Each structure stands twice: as structure tokens, then as C-alpha cells.
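As C-alpha cells, the structure follows; a few thoughts come after it.
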Amino acid sequence: MELLRIDRLPIHHRAPETPVLEMSSAFIEANTETVEFREMRDQHVIPVYLKDNEPAISHCEFVEAVSLAAQESFGLAHLPDASIRVSHPVKGRVYEARHKKAQELLNHEKTIYFERMAFMITIPGVRDEISGNMLELTIGGVKAFHLDNLNSCKGSPEHFKVFIGFKNRVCTNLCVSTDGVKLDLKARSVEDLFQQVCELISGFDAVRFLRNLSLFTAYELEERQFAQIIGRSRMYQFLPKPLRSEIPELLINDTQVSRIAEHFYHDPNFSRSQSGTIDLWRFFNLLTGANKQSYIDKYLERGVNGYDFTEQIRLALDSTHPDFWYLS
């Protein structure tokens, strides 16, 4: 697969209304913390299968497999660095320190691994711009050990989530769609994991996805339409199941809906315009920004859902889906 030079492709964009400043932030926040690859490799223990004590595929092996797949697919000279976030620590101690009080434990007597991990790798030189926001091609994954059956023997399928999409440099919001995500990749070995990641990369149409994203800039919501979407988003979670099954799914929670409403007025990059309207590109980024408050194991699903939901709004505004419940 040749290195794409997306910054040279003929994709049309609308100029931003105001200058946009790049901000530094984590790609996911919630209850996560950052960790360096070296620390994770040298200090974290690896969960094992209960019946045979064989190790599961570690977080480090997962990161390395995706990094190698990216290096091979894009012809990179060096392995790209990964930005890693972890949550849900599982703490322990060595046998010799079993009787010590917690405050008396020495560093070498403590053990830890994190149940959940997410990481993001930026591919250098593959980028484009939409509405003044620089987008960079990004690959990464999510691992949550609680999704695996570690009570069995080694050889059982292990579950991973991988993605390829674009990161908005202004806010590190992740832009992904169904075509660039595998939400339940099952692998029995690192080699199997590597091959499936390569397949995902080779099948991803970056140009098509960027063109779809750029379409969002051509559609606007009036303030009353935005308010209706917010109100119905709150109602959606309480609808009777038969009715909810007939309506496009919305995965964000009530707290995240409130965050979107707040940032409609106060976000430095994606708030409403002076006329009170908001284009769908900014609306989409309010969704992806709110998604950064998700737990790691829900992060990718909500990211994909945010794109699908915004696309359905676009179709409704285009009269393709005039019966869209959130705007009807």
C-alpha cells in the first residue's frame, strides 16, 4: 500500500469563520491516565489464563502489532510512537510482602496491570484540512481484558477493537466511521492480530471518508433545530423499547448531551456562529468532544455512532430522510 498524500487531493472545503487555535488535550479523558510504552512494558504484569497459566496477549504486544502493521502498510522508516491511555488498575503485591501494610510496601513489592487500554498512532504526512482544522490519519486500538474469558485455557479468542480514521489536531477529537473500525476483532495470536490490522488498513478508503466529512460544512442547524435535537436526545433514553427500536440509535449518555449543549455556546473552536447557527462539522466535533468523557470500552462505539448520527442529520436536512425523529 503506497503512502497516501491526502494533503494534495482535490477536496473542497469551506473557509473557517474565525481563526482556530490548536489546543493540547488527551484523545480520551474520563477516568483515564497516560502511560509510557516503556513503563507498561517494564513494570506492568500480564494477565494469564487461569487453567494453564499461559499469558494473554499483552497491551504492549497489541500496540506493537498495530505499530508494525502501520509501518508496513505506509512504508514508514521507523515504528511510529503511540499515545497510550489506561484505566481500571488491578493492583497486587508479591508473595513476600503479603503481610505488610499498604503504606509499607516498597516499589518492587507492588504489581499492577490496567484492565483497559486505548492508544492512538499518528501517521506522519497523511493529512488534510476541513474548515481550518488540520486532520491527521490516525490508527489505534482498544483493549479491555474483562471482555476475554481468562478462566479458560490459552488459545481461546481474545477480543480487540481497532480503528483507522482521522484526528482533529485542534482538539484531538477522533473521527471514525464503520468502514474504519473493527469493534470485535478476535485473535488467538499476535500474528493473527497483525494480519487483521493490515486488512483493516488496506480496506480503508481515506479519500472517501474525508470527502464525506467535508460535506458536513455545507449544512447548518438553526438554534431551534439544535435545541430540538438536544431535547429529543434526552428523551431517547427513556422511550419504551418498541418505540426506541424504530429510531436511530444514540449512544451518548445524558451527561454528554449536557456537555454538547454547554459547548454549543462556549466551545472556543466549535460553538455556534454569530447568527446562532452551527454547521454539521462543528456539531460533529461537539459529539466527538463529548465522547472523550466515555470509558475506554465504550469509546469507539460512541465515536462511530457520532459519525452515523451526524450523517443521518445531514440526510434529514437534505430531505432524503424527512421523517428523522430527532427533527420531526
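Details
- Largest-first ordering by accessible area, 1.4 Å probe, given options Cys171, Cys153: Cys153, Cys171
- Contact order for the chain, expressed relative to its length and based on alpha carbon pairs under 8 Å spaced 6+ residues apart, stands at 20 percent.
- Amide H contacts of Glu158 (H built 1.01 Å from N, under 5 Å, at least 5 apart or other chain): Ala187, Arg188
- Rounded to the nearest 20 debye, the dipole size of the chain about its Cα centre is 680 debye, using +1 on the Cβ of Lys and Arg and -1 on the Cβ of Asp and Glu.
- Carbon and sulfur %, accessible surface of the range 126-189 computed with the full protein complex present, 1.4 Å: 47
- For the range 185-235 versus the range 71-103, the gap between their alpha-carbon centres in whole angstrom: 28
- Computed accessible area, Thr288, all protein chains, 1.4 angstrom probe, square angstrom: 10
- Loop-located GluC sites (Glu not before Pro) in the range 228-328 (DSSP state not H, G, I, E or B) with no more than 13 neighbouring Cβ atoms inside 10 Å: Glu246, Glu249.
- Trypsin sites (Lys or Arg not before Pro) restricted to DSSP loop in the range 143-190 with at most 12 other C-beta within 10 Å: none
- For Ile123, nonlocal amide neighbours, meaning residues 5 or more places apart or on other chains whose placed amide H falls under 5 Å from its own, are Leu137, Thr138, Ile139.
- Cα-based Kirkwood hydrodynamic radius, the range 117-204, one decimal, Å: 14.2
- Of the chymotrypsin sites (Phe, Trp or Tyr not before Pro) in the range 234-328, those whose Cβ has at most 13 other Cβ within 10 Å and which sit in DSSP loop: Phe238
- Under 29 Å from Lys101, Cα to Cα: lysines that are on another chain or at least 8 residues apart: Lys91, Lys110
- Selection among Ser67, Val207, Cys171 by position relative to the dipole of the chain gives Cys171 as farthest towards the positive end (Cβ unit charges, Cα centre).
- Net +/- balance of residues flanking Leu147 in space, Cβ distance below 11 Å, scoring K and R +1, D and E -1: -1
- Derived from the Cα gyration tensor, the three semi-axes of the equivalent ellipsoid of the range 39-143 are 36, 16, 11 Å, largest first.
- Net charge dipole size for the range 155-297 [Lys, Arg +1 and Asp, Glu -1 on Cβ; Debye, nearest 20]: 200
- The range 61-82 residues near the modelled Ser152 label - backbone nitrogen below 20 Å, point 7 Å along Cα→Cβ: 62
The values are calculated or read from the model by the stated rules, or taken from the named source; none is laboratory data. Keep in mind that what you see is a predicted model, and the values were worked out from it rather than measured. Every residue, glycine as well, gets a Cβ built from its backbone with ideal geometry; the counts of neighbours run over all protein chains shown. Calculation scope for accessible area: heavy atoms of the full protein, side chains included, ligands and nucleic acids excluded. Shrake-Rupley method; radii C 1.70, N 1.55, O 1.52, S 1.80 Å.
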